[in-house]
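A short write-up of the structure that comes next.
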Amino acid sequence: MAVDFSIIGKRLKEARKKRGLTQEDLVEKMGVSIAYLSKVETGKIHINLERLSQICHILGVTEGEILNGVSNHSEKYLHSEFYDLLKQCSAKKQKLAYEILKVITQEI
């Protein structure tokens with residue numbers, strides 16, 4: 001599965017704006033140029049994990065929120081992760097996972 005850096009950039013831009021930061025504010029905290037940040041936010045360059053982690057820390061979001069688009073504080077947290085795991089399983093293993101989950105969710 002290919003990484004869509006334009007989506008990552010869009011999510012970073014949204015997170016920056018939610019924090020009320022301008023590009024100038026963020027680049028000052030990061031120690032990079034506005035040109036670099038602009039290219040990241042538009043997906044024109046590929047951001048490495050170290051730089052992504054730095055930005056996420058400054059913006060107060062997790063890397064998962066930026067990469068997956070889902071906050072671990074939202075109701076949909078882990079939905080896509082469960083779905084991706086189930087897709088990899090045979091029908092027999094999916095049935096087993098379902099039965100285990102039913103037992104886990106039953107009140108004792």
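The table for this structure:
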| item | result |
| --- | --- |
| Projected-area average for region 5-68 over all orientations - Cα convex hull basis, square nanometres | 3.5 nm² |
| Pairs beyond 24 Å (Cα-Cα), from K39/K87; K17/K44; K18/K39 | K39/K87 |
| Pair-distance profile P(r), taking every C-alpha pair of the chain, with 5 angstrom steps and integer % | 2, 11, 18, 19, 13, 10, 7, 8, 6, 4, 2, 0 |
| Ellipticity estimate at 222 nm from DSSP helix runs (n ≥ 4, -39,500 (n - 2.57)) divided over the chain, nearest 500 | -20000 deg cm²/dmol |
| Proxy reagent accessibility, fewest Cβ within 10 Å first, across D25, D4 | D4, D25 |
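Read-outs throughout are calculated quantities, based only on the coordinates presented, and are distinct from any laboratory measurement. Please read these numbers as outputs of a predicted model, since none were measured by experiment. Quick reminder, even Gly has a Cβ in these numbers, built from the backbone with ideal geometry, and neighbours come from all protein chains shown.
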